[in-house]
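Below is one structure; the comments refer to it alone.
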Amino acid sequence: MDALIVYIFCYDIWYYFIHRLLHTKYLYFIHKIHHKKYKPEYCDFYRVHLLEIPIQSIGLILSVYLYKLYLYQLICAIIFINVRGILTHDERFVNIIGDHHLHHHKYIVYNYGEYWLDYLFGTDISNKKKVLENN
């Protein structure tokens, strides 16, 4: 179980930085498909450019080699990551998982990953949201 938690933790870090990189002017052409809808739904988690799939998957694969997960742990991690991704893209699940990622689809330069990573790297919109709404 510890390896699974560490694996997801490391993947979240990978995802944060890759997601942030995909928002740069050089790579946004790949990621902009994901942002076609201002108000995403659960299936929009999978609305990505073909090039984005291998870029995101590198984090999944690298972590397996670094942490030597068993197959069942890898399957559990992939299921968890996918279910979490689906839930974070659908406002019907705000009461369960929050609206952190939904704000990313409104203000695309904020909330790239998990709460703690956005807080740590200054990309969390929670405190800035009040300022944006007043302008």
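Every number in this text was worked out from the coordinates using simple rules, so none of it is lab data. If you're wondering where the values come from, they're calculated on a predicted model, not measured in any experiment. Because the Cβ atoms are built from the backbone with ideal geometry, glycine has one as well, and the counts that use them run over all protein chains shown.
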Exercise for review: Identify all residues within the range 45-62 that are over 13 Å from K32 (Cβ atoms) and either touching a residue at least 60 places away in the same chain (Cβ under 8 Å) or under 16 Å from the mean Cα position of the chain (by Cα) (or both); write none if there are none.
Suggested key: F45, Y46, I53, P54, I55, Q56, S57, I58, G59, L60
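Okay, residues lined up against (1) assigned to a helix (DSSP H, G or I); (2) surrounded by 15 or more Cβ atoms within 10 Å (Cβ to Cβ); (3) of a type outside the set (V, I, T):
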| residue | (1), (2), (3) |
| --- | --- |
| D44 | yes, yes, yes |
| G59 | yes, yes, yes |
| I78 | yes, no, no |
| I81 | yes, yes, no |
Revision key, fill the gap. When the range 1-44 is checked residue by residue, the ones that are among the hydroxyl-bearing types (S, T, Y) and under 12 Å from the mean Cα position of the chain (by Cα) are Y11, Y15, Y16
Review point. Counting only residues that are under 20 Å from P40 (Cβ atoms) and hydroxyl-bearing (S, T, Y), how many does the range 66-105 have?
Key: 1
